[in-house]
Structure formats: C-alpha cells, structure tokens
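K.L.:
Handing you this structure, nothing more for now.
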Amino acid sequence: MTLVTTTEERGITTLALNSPDTRNALSAPLVAELADALTACGKDPAVRAVVLTHTGTTFSAGADLKAPPSPYAFVDLLRQILELPKPVVAHVTAGSHTRAGGLGLLGAADIVLAGQGADFALTEVRIGVAPAVVSLTLLPRLEPRAAARHYLTGERFGVPEAVTMGLVTATDDELATVLDALRAGSPQGLREAKRLVTAKVLETFERDAEDLVQRSATLFASAEAREGMTAFLERRDPAWRL
C-alpha cells in the first residue's frame, strides 16, 4: 500500500497521507515515503507548490506508537518541509482531526487551511511525554499563552481558535484562491520569499534540535510514558489519572 499518494494539477502537486487505518499515524515507513515525495517535488521544475493533505478523517494522529520513526528522522522531515524550495500548503479537511506530532507538520507548512469542524489537540501530556520535537515548528508560530494552555492541558480546539493562535492560516474555502495565487508567483520569487518567512523557524533547529531530540528520547523511555502508552493502547485511564 502506498502510504503517500501523489496527484498533480496545473503545477500543484498534492501529497496525501494515505494510512487511514492508523489515522495517518507517523510511522517510520510513512515518514520515509513522505520525505522521498518531498524530495521529488523539490527537484521537479514543473512543481510550483505542494499541498500536503490526507485521506480518511484524520490528518495525522501523531507518532505511531507501534512503529515510530526515530526522533532524528522526524526532525529531518520537519526541516525538509521548511527548506523545500516550493511553498507547502497543508490542507486539513472538514470534520477531521489532527493530534500531537501531526501539529508539527502543520507548523512546518507555509500556509495551513482547515475545513469546518476540524479539530486539533496536543495530547502528549496525556501519555506521559511532552510536545518536544514539534516545538521546533510550533513555538515560533503560536501565540505564547495559547501554546501554554494547549501544551499543558491536551484539550481539543477548533478552527477559529487555531486561526487566532497562529496554527491555521484560514479556512479551506480559500484553497482555490491560494493555489491560483501561488501559480501566479515566479519560481524564484516563491523560493526566496519562503526563505525569508522560514528563517526564524529554522533558527530554532540550529539552536534546539539536538536538545529536544534527547529530551524526547528520555521521556519516551521513562516508566511514566510506558504506562501512558500502554493505557492508550488498552483504552483505559493511566495510573496517574485523578
């Protein structure tokens, strides 16, 4: 099964995460396929922009707890999206869900559009870890008070709040307008404009990536995280739940 499908239309290549049975969880194979697809887009002069979307009702549920990628592979994927010499538009479809590491992909995208009824949550604290690696793309984008609330509570939030806090650019009724505007941009102009708007985010990779990878690895190896992940897979409350 192809974990990332590719379609093309008038200079726009759409990459769709295609593992609906796992809620597009970020497994090692899916991350590798997406990285390969992005590499191909970056090298193809016919590609003006990339749309990153999904099949099924979940953009991404975050890390696949049964077959996770290495933290370094995920960091490399986030950096690849930021450094791709083509704009990346993430499209979260109406009524769908994005959780945990999936928000890291949204943070890496240049423009994020979401459909009515979509919802989001940073659920890491509920399994005994923290949104460590995804902080590389999220903290430079998000309003600080909103980031603190959602990092700490794991609450779900909808599109209006996601727009206000800086995670989502606009609703997806603007998708056609945005894509036509990107088609009007020159390849050089788009590439250099993207370098300007991603520079501050990429600075966090140079400064913080190694520390956050190590912190993530330590957290996932802890007894508390093992209990949290086991409870999640067994569909029960973890031992610390009051």
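The values are calculated or read from the model by the stated rules, or taken from the named source; none is laboratory data. Quick caveat, the model's predicted, so the values are computed rather than measured. Keep in mind that these areas ignore ligands, DNA and RNA; they rest on the heavy atoms of the full protein, side chains included. Shrake-Rupley method; radii C 1.70, N 1.55, O 1.52, S 1.80 Å.
K.L.:
Give the accessible surface of the stretch 86-241 per residue, rounded to a whole number of Å², with probe radius 1.4 Å and ligands, DNA and RNA excluded. Kindly include the intermediate steps, with their values, before the conclusion.
P.N.:
Working: 7690 Å² over 156 residues.
The answer is 49 Å² per residue.
K.L.:
Could I ask something else about it? Which one, Leu65, Leu30, Leu167, has the greatest fluctuation when you compute a Gaussian network model over the chain with C-alpha springs under 10 angstrom?
P.N.:
Leu65
K.L.:
Explain nothing, just compute: Karplus ³J(HN,Hα) = 6.51 cos²θ - 1.76 cosθ + 1.60, θ = phi - 60°, for every residue of the stretch 168-180 in order, whole Hz, x for Gly and Pro.
P.N.:
Result, ordered by residue: 10, 7, 6, 6, 7, 6, 9, 4, 4, 5, 5, 5, 5 Hz.
K.L.:
Between Ala223, Ala118, Ala67, which gets the highest mean-square fluctuation from a Gaussian network model of the chain, Cα cutoff 10 Å?
P.N.:
Ranking Ala223, Ala118, Ala67 by mean-square fluctuation puts Ala223 first.
K.L.:
Once neighbouring chains are kept in place and the probe is 1.4 Å, which whole percent of the accessible area of the stretch 82-159 is contributed by carbon and sulfur?
P.N.:
Answer for the stretch 82-159 is 55 percent, counting heavy atoms of protein chains only.
K.L.:
Given the rule -39500 (n - 2.57) for each run of at least 4 DSSP H residues, summed and divided by the residues of the chain, what is its mean residue ellipticity at 222 nm, to the nearest 500 deg cm²/dmol?
P.N.:
Result for the chain: -15000 deg cm²/dmol, rounded to the nearest 500.
K.L.:
Something else about it: Using alpha carbon centroids, what distance separates the stretch 175-222 and the stretch 85-111, in Å?
P.N.:
Each part's Cα centre sits 11 Å from the other's.
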